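What follows is one structure encoded as structure tokens, with my remarks underneath.
The values are calculated or read from the model by the stated rules, or taken from the named source; none is laboratory data. None of these values were measured; they are calculated from a predicted model. Don't worry about glycine lacking a Cβ; one is built from the backbone with ideal geometry, like all the others, and counts go over all protein chains shown.
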Amino acid sequence: MTQKTFLIFSFLLAASFSAGAQQFSEKKPAGIVGGRIISTDEFIQRYELNPKPGMKPKDKNLDVRLEFLQSLIAEKLWAREAESLGLDSTEAMLIAAEELLTGG
């Protein structure tokens, strides 16, 4: 599957989200990026927590949801690339992770 095809497929999945999106199980994928699943629960939770200036909480703007899905896909792809480059095991990252886990 090409990246363009994947993005179109992801957009179609995101378009299926509506007021009843909470009906989906956390195991249902909203998309798969680089072999990693973005669950519908993760998408909904992160979308709802993401600030959307000028939007009322009950607005159902598909363009905003698609834009958010694009940023979530980019985040997952960057994380995959960072892992493949070994950036997650650099000394700076290990120290930062330890600080976060132990509360500094």
* Structure fact -> Residue hits (the range 74-95; surrounded by fewer than 12 Cβ atoms within 10 Å (Cβ to Cβ), under 25 Å from residue 42 (Cα atoms) and small (Gly, Ala, Ser)) are 74, 84
* Considering only the range 70-104, state which residues are of a type in the set (A, V, I, L, M, F, W, C), assigned to a helix (DSSP H, G or I) and over 19 Å from the mean Cα position of the chain (by Cα). => 87, 92, 93, 94, 95, 96, 97, 100, 101
* Asked: Do the conditions hold for residue 2, that is, is it at pLDDT 85 or above and not acidic (Asp, Glu)?
  -> no
* Kindly check whether there is at least one residue in the range 43-66 that is modelled with pLDDT under 85, of a type in the set (A, V, I, L, M) and not in a helix (DSSP H, G or I). => yes
* Asked: Restricting attention to the range 61-73, and to residues there that are without any contact (Cβ under 8 Å) to a residue 12 or more places away in the chain and over 15 Å from residue 42 (Cβ atoms), which single residue is surrounded by the most Cβ atoms within 10 Å (Cβ to Cβ)?
  -> 67
